[in-house]
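Notes follow the structure.
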Amino acid sequence: MSNSVHTTPRRRPKRRGYSLGLLFSLLLTVFLLGFGLGRCTAPAASQPLRDTGAVLPDWVKVDLLPVNDYSRPGLALEQVNGVVVHYVGNAGTTAAQNRNYFASLAETHETHASAHFVIGLDGEVIQCVPLDEMAYCSNDRNADTISIECCHPGEDGAFTDETYHALVELTRYLTSRYGLKREQVIRHYDVTGKLCPLYYVEHPDAWEAFRDEVDS
Ligand SMILES: [Zn+2]
């Protein structure tokens, strides 16, 4: 603002300075408003994300993995073009146990695996990897998707009501946050043909009903 004082004519410096200031404020407001609306309604998929994780819903427990080559490589996730749903494939295990298993890979080097979120049998949600970083979960789609692992009580892979409802809420939050459409919510099966999440591969009608509920 102080620069305008030097450039304004002598006659009515205060008035002119005020007008320029007002004009600048208006332009700034219009720019910020436009940018904000653009982010909400149509985020450009190719635009780098600026996620801090600070605005996650309060029902998400943040318990990040240590940065390591086996489960949290610390690589930037520069686009989000989908949400991939998984099942842990280890009946009866809890969200915390699965999170700790991912963390332990930093020491055991057993395999490369992780997920952004794990949903437990009681519907608890643990975040393991920040949203602006890649997780090792969905093969060729690691670089542009958010992954959700779901716990399940039995070998058939069916989710508890609590897990299911938390999955609907979390997926709805993510599709809203990134402006994703129904067809961008996919199963691991849709990426590689792996039977994951098993119940929703064997019951495609239930999968479509889940997508409908997220969409509603
Ligand atoms: Zn999977």
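We did not get these values from a lab; they are worked out from the coordinates using the rules stated. Nothing here was measured: the structure is a model prediction, and the numbers come from that model. Cβ coordinates were reconstructed from backbone atoms using ideal geometry, including for glycine residues, and neighbour counts include every protein chain displayed.
Quick look at the values:
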read-out	value
Cβ charges +1 (Lys, Arg) and -1 (Asp, Glu), total dipole of the stretch 46-215, debye	400 debye
Trypsin sites (Lys or Arg not before Pro) within the stretch 99-185: DSSP coil, no more than 14 neighbouring Cβ in 10 Å	Lys181
Extension gain from Val62 to Asp132, taking 0.36 nm per residue of separation minus the Cα-Cα distance	23.8 nm
